[in-house]
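Data first, discussion second: the structure below is written as structure tokens.
Since every read-out is calculated from the coordinates, none of them should be taken as a lab result. It should be emphasised that the depicted structure is a prediction, and the values quoted were computed from it without experimental measurement. Cβ: placed from backbone, ideal geometry, glycine included. Neighbour counts: every protein chain shown.
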Amino acid sequence: MYTFLSGGTGTPKLLQGFRKIVDDSKLEVVCNTGDDYYWNSLLVSPDLDTVLYLFADLLDTEKFWGRKDETFRMLEELRTFTPSDYLDTWFLIGDKDLALHIFRNHLMRRGDSLSDVTNLLMEQWGIRAKIYPMSNEKVTTTLHDKEGNSYHFQEYFVRYRTEIDVERVEFVGSEDAHITPYVFKTLSASKNIIIGPSNPVTSIGPILSVEEIRDKLVDKRERVTAISPIVSSKAFSGPTSKLMDAVGMGASIEGLVKNYKDFCARLVLDEADRSQAQLVEDFGIEPIFTDITLATMQDKERMAQFLMEVL
């Protein structure tokens with residue numbers, strides 16, 4: 001069994017590769033819910049939904065979010081109403097995607113947890129992997145700028161296209177969030193826990209902000225392998241480098257290992273960062289080097305095969 005901590009697009013791309021060589025039933029995924037967003041009163045869970053759509057073969061793998069063959073007629077119609085300043089039309093919800101959010105919210109209003117709904121979706125879509133939200137309690141990734149303004153992660157990422165000068169990132173509600181029985185069980189039993197190449201601040205960070213999850217990873221440290229989301233201080237995608245710098249982590253291998261050292265035994269790095277081997281070892285982490293590019297399906301499959309051989 002392979003257990004992944006997933007957020008954003010990096011880890012789902014790696015999961016694509018694993019699906020080529022490992023049966024879905026051997027894959028378990030703990031998903032970030034820190035960027036869950038209430039869109040016009042409907043809870044949307046973007047990172048969780050990306051993984052669900054991936055394993056249901058419904059994901060738009062060009063954009064790596066939303067449904068494939070999607071239409072946006074509802075959103076287009078919503079934009080025709082005036083006054084519309086109280087309507088959220090900048091967040092792109094497609095017509096098929098909307099159906100999932102209505103269904104999920106209906107069940108949660110009657111008392112089902114996010115885990116309950118996720119389990120039901122896996123059953124209805126015939127998903128054989130195990131997919132879990134990181135917690136059933138609400139955790140919200142909130143970014144603060146130097147002027148004291150606060151933004152939900154989706155506002156920062158989608159509405160303002162990462163142009164905000166971030167000074168601090170906060171995971172609101174994490175102090176009251178708990179590990180779910182499903183996540184506790186999978187982390188306890190797993191022999192291979194993989195922190196995917198997702199943003200360590202806003203994709204992996206919210207998962208680690210749940211104290212019981214972090215404690216479990218510390219306990220299982222020798223089973224934990226992380227994959228770098230950066231090469232030579234440059235991120236593969238998204239605002240990773242910018243946010244690592246913003247929170248004082250530093251967009252560097254050193255910043256990454258300082259953040260992961262307490263619960264990570266191995267770090268997979270790109271060949272271009274071989275000069276960082278001693279630095280990584282000094283933090284008690286074993287450096288492993290390969291081409292970590294995930295640009296093509298061949299790259300993803302090669303990376304998955306490599307991990308299976310070295311872990």
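Each Cα pair under 8 Å and six or more residues apart adds its sequence gap; the mean of these over the residue count of segment 7-175 is a relative contact order of 25 percent. Rg then Dmax, both in Å and based on the Cα atoms of the chain: 18.9, 61.
The Cα-based radius of gyration and maximum Cα-Cα distance (Dmax) for segment 97-190 are 16.5, 48 Å. Taking Cα centre as origin and charging only the Cβ of basic (Lys, Arg, +1) and acidic (Asp, Glu, -1) residues, the dipole magnitude of the chain rounds to 680 debye.
Taking a Cβ cut-off of under 9 Å around Ser232, the surrounding Lys, Arg, Asp and Glu residues balance to a net charge of -1, with basic ones at +1 and acidic ones at -1. Under a model in which nothing but the beta-carbon of Lys, Arg (+1) and Asp, Glu (-1) is charged, segment 112-193 shows a dipole of about 560 debye around its Cα centre.
Our estimate of slack between Asp282 and Phe81, defined as 0.36 nm per intervening residue step minus the Cα-Cα distance, is 66.4 nm.
In terms of modelled amide H atoms, which long-range or inter-chain residues lie less than 5 Å from the amide H of Tyr38? Here Val44 satisfy the definition.
To the nearest 10 degrees, how steep is helix 114-124 against the longest Cα principal axis of the chain, on a 0 to 90 scale? Taking Cα atoms only, the helix is inclined about 90 degrees. Ordered by the number of other Cβ atoms lying within 10 Å of each residue's own Cβ, fewest first, Ser150, Ser203 fall into the sequence Ser150, Ser203.
Counting other beta carbons within 10 Å of each residue's own, what order do Phe64, Phe4 fall into, fewest first?
With the sparsest Cβ surroundings first, the list reads Phe64, Phe4.
Taking only Cα atoms, what is the 0 to 90° angle, nearest 10, from helix 46-55's long axis to the longest principal axis of the chain? Approximately 80 degrees, to the nearest ten.
Arranged by the count of other C-beta atoms within 10 angstrom, fewest first, what order do Thr80, Thr3, Thr162, Thr89 take?
Thr80, Thr162, Thr89, Thr3
To the nearest whole percent, what portion of all C-alpha pairs in segment 7-175 is separated by more than 18 angstrom?
Of the Cα pairs, 64 percent sit more than 18 Å apart.
Rounded to the nearest 20, the size of the Cβ-charge dipole of segment 69-156 about its Cα centre is 380 debye, with Lys and Arg at +1 and Asp and Glu at -1. Take every DSSP beta bridge whose two residues both sit in the chain; close to 40 percent of them are antiparallel. The alpha carbon centroids of segment 106-145 and segment 225-270 are separated by 27 Å. Near the amide H of Arg168, within less than 5 Å, lie the amide hydrogens of His144, all on another chain or at least 5 residues away, with H placed in the peptide plane.
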